[in-house]
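Input: a single structure, listed below in structure tokens.
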Amino acid sequence: MEKTVLTVIENVPVAKDVYKMRLSGAAGETGPGQFINIAVPGRFLRRPISVHDACADGITIIYKVIGGGTEDMSRMEKGTRLDVLTCLGNGFDTAPSGDAPLLLGGGLGTAPMYLLAKKLVCEGKHPRAVLGFASADDVFGADELSSLGVDVAVTTVDGSLGVKGFVTDALPEEFSYVYACGPLPMMRAVYDKTKTDGVGGQYSFEARMGCGFGACLGCSIKTTGGSRRVCRDGPVFRREEIIWETREG
Amino acid sequence: MGNAGRLTTELCGITLDNPIIPASGTFGFGYEFAEYYDINCLGTFSFKGTTKEPRFGNPTPRIAECPAGMINSVGLQNPGVHAVVEHELPRLRECFHKPVMANVGGFSPGEYAYTVEALDGEDCIGWYEINVSCPNVHAGGAVTGSDCRATAEVTRAVRRVTKKPVIVKLSPNVTDIAEIAKAAEAEGADGISLINTLLGMRIDLRSKKPVIANKMGGFSGPAVLPVALRCVYQVYEAVKVPIVGMGGVSSAEDVIEMMLAGASAVGVGAANLFDPYACRDIIEALPGALDKYRIGNIRDIIGGAH
Ligand SMILES: Cc1cc2nc3c(=O)[nH]c(=O)nc-3n(C[C@H](O)[C@H](O)[C@H](O)COP(=O)(O)OP(=O)(O)OC[C@H]3O[C@@H](n4cnc5c(N)ncnc54)[C@H](O)[C@@H]3O)c2cc1C
Ligand SMILES: Cc1cc2nc3c(=O)[nH]c(=O)nc-3n(C[C@H](O)[C@H](O)[C@H](O)COP(=O)(O)O)c2cc1C
Ligand code: FES
């Protein structure tokens, strides 16, 4: 964890109610699947948001306007300075990915897949991606992933773009590993579908957070290894650690 | 005059370098925070509420945001006293070299006593903070700390098994907090700490249901400061033992206010969650705040508002 001040250098819509915010400043070394925790002025708790892209001089996030905090964020002008905790959480581990891992993003769960794909490509691997959204208006991130040379399929629930249905309706025949981030029903469906073929995977979870750095036990989940903190031991968990029964929908 | 000496205060016969005590449940067993700064700058800290048996705690969501505060429903998640002794305290001792405050929870007088006995051989423990007030856990309905007799029973049970200072931590969710403080003092409590969280609720407008899985939880943060100050003020008038004041403290000015109300030392809870450096920064800001309000030594203002 690092506490730092980052400056908004871009804050633009990329889909319906979804914005991309570029933040500049020394943000520490961030790996894929990690998140930052943003202090939104006037709000008591920070807002946890996944890192979409990271480089030496800044971080990019993609966020959806859900309630007051993200609405405030959507109105932030270039030059706004934000108090941010960075390098949070235990992100995706690329070591077990094999040569052809599959990246599955559901809605805003697509956001962390870009930095992950970048790292996998950098390691000479050949990731593919399936991104699921509700409708064509909600789609973002596909072109960016394609530009890395990743083979990307898009699904929409209403069929307005790409394959009609869910990400599980567009899974390729073969893949070496799964990286998933999205709503619980989606991740669970992916988990169930990949159960029989023994494909390993890592799944990124969300939780209401008090601190985001492991102090309050607000974000606990039960895993096969006992109680774990989503913010510090996660948000990414390996499939063998996951106990679905205790997760609320 | 050097600044360091101006901040010292005393709590049940043990001198603190300064009055700042991260509150139980917001500071773990210290070692997470020790990654960020040297936690030996603290007066002491109160470690995570420990019970006889391991507890997973309440279902999630456990956290809700409020204007100027938060609700938590962690539900005393902890690995149980034996795991605390075996795994947590060794890690704590590596990064913290002052007496620490052991926060103890329980569901019967016997359980509190069991936990204190199990901890009593640990030299690093300077005080026990007996949490009779956690609103998240209901043993047969009422909270121990909402009743003078039940509070007295727990205090007595713990008093019997240790020679170390026993501080009883009170709930604000009561009609007359001073009466409960007096009941604890009468059974040999060496100090009183207050306040624990206020019972609260938030409702999600989208789902139209409570945000917290357990529906209610403990409300704390800056919004509760006036309630905490009132409670500390009332208890100071009612008892002779020292008070650890807490509830909504997030600045050096709040610390001074809490001590004027009657606190000998000051707990800081939710502020640590928003900013992991909160306690360090408050300690650094204290000498300047004392200058600003023409205060020489901080211990001279305890109860000054009375
Ligand atoms: C590890 C992690 C990574 C995330 N990454 C992204 C991302 O990349 N893009 C994105 O758009 N969103 C992401 N989220 C969800 C995002 O944190 C919430 O949408 C946001 O906090 C909502 O804030 P609000 O003030 O607009 O909503 P409100 O509902 O007004 O917020 C009230 C409180 O609830 C919390 N809250 C509400 N929804 C969520 C949620 N789904 N998860 C956690 N806390 C919530 C808020 O933080 C705040 O404390 C992530 C969440 C987590 C835990
Ligand atoms: C996340 C969280 C967990 C807590 N856990 C405990 C606990 O285990 N034992 C206890 O005595 N108090 C616990 N408390 C209460 C605090 O120690 C403190 O009394 C209260 O939060 C008021 O202080 P604040 O307004 O500074 O947060 C907890 C508070 C929070 C926010
Ligand atoms: S949010 Fe505080 S421990 Fe995870």
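Just one of (1) in contact (Cβ under 8 Å) with a residue 24 or more places away in the chain; (2) within 12 Å of another protein chain (Cβ to nearest Cβ) fails for B:ASN103. It is (2). No other residue among A:GLY225, A:GLY214 is within 16 Å of ligand 2 (Cβ to nearest atom), of a type in the set (Gly, Ala, Ser), in contact (Cβ under 8 Å) with a residue 12 or more places away in the chain and outside the structural domain of A:TYR114 (by TED's automatic domain parsing) apart from A:GLY214. Starting from residues that are modelled with pLDDT under 95 and either among the β-branched types (Val, Ile, Thr) or under 13 Å from A:CYS181 (Cα atoms) (or both), keep the ones in the stretch A:191-205 and report whichever is farthest from ligand 2 (Cβ to nearest atom). So, considering only residues that are modelled with pLDDT under 95 and either among the β-branched types (Val, Ile, Thr) or under 13 Å from A:CYS181 (Cα atoms) (or both), the one farthest from ligand 2 (Cβ to nearest atom) is A:THR196.
Of all residues in the stretch A:137-162, those satisfying the criterion of being farther than 13 Å from A:LEU104 by Cα and surrounded by fewer than 17 Cβ atoms within 10 Å (Cβ to Cβ) are A:ASP137, A:ASP143, A:SER146, A:SER147, A:LEU148, A:GLY149, A:VAL157, A:ASP158, A:GLY159, A:SER160, A:LEU161.
Only one of the numbered conditions (1) more than 14 Å from chain A (Cβ to nearest Cβ); (2) within 15 Å of ligand 2 (Cβ to nearest atom); (3) out of contact with any Lys or Arg (no Cβ under 8 Å at 6 or more places or on another chain) is not met by B:GLY304, and that is (2).
Filtering the stretch B:224-273 to residues that are in contact (Cβ under 8 Å) with a residue 24 or more places away in the chain, within 27 Å of A:PRO41 (Cα to Cα) and open to solvent by 30 Å² or more (accessible area, probe 1.4 Å) leaves B:VAL227, B:SER250, B:SER251, B:GLU253, B:GLU257.
The single condition among (1) within 12 Å of ligand 2 (Cβ to nearest atom); (2) more than 18 Å from B:PHE45 (Cβ to Cβ) that B:TYR128 does not meet is (2).
Restricting the stretch A:187-223 to residues that are within 29 Å of B:ASN72 (Cβ to Cβ) and away from chain B (no Cβ under 14 Å), the residue that is surrounded by the fewest Cβ atoms within 10 Å (Cβ to Cβ) is A:ARG188. Restricting attention to the stretch A:49-106, which residues are touching a residue at least 60 places away in the same chain (Cβ under 8 Å), among the acidic types (Asp, Glu) and either within 16 Å of ligand 2 (Cβ to nearest atom) or not in a strand (DSSP E or B) (or both)? If the condition is that a residue be touching a residue at least 60 places away in the same chain (Cβ under 8 Å), among the acidic types (Asp, Glu) and either within 16 Å of ligand 2 (Cβ to nearest atom) or not in a strand (DSSP E or B) (or both), then A:GLU77, A:ASP93, A:ASP99 are the ones that fit. Please verify whether the stretch A:230-237 includes one or more residues that are more than 13 Å from chain B (Cβ to nearest Cβ) and small (Gly, Ala, Ser). The answer is no, given that none of the residues of the stretch A:230-237 is more than 13 Å from chain B (Cβ to nearest Cβ) and small (Gly, Ala, Ser).
The values are calculated or read from the model by the stated rules, or taken from the named source; none is laboratory data. Every value quoted in this text rests on a predicted model; they were computed, and no experiment measured them. Cβ coordinates were reconstructed from backbone atoms using ideal geometry, including for glycine residues, and neighbour counts include every protein chain displayed. Surface areas here come from the heavy atoms of the whole protein model, side chains and all, with no ligands, DNA or RNA. Shrake-Rupley method; radii C 1.70, N 1.55, O 1.52, S 1.80 Å.
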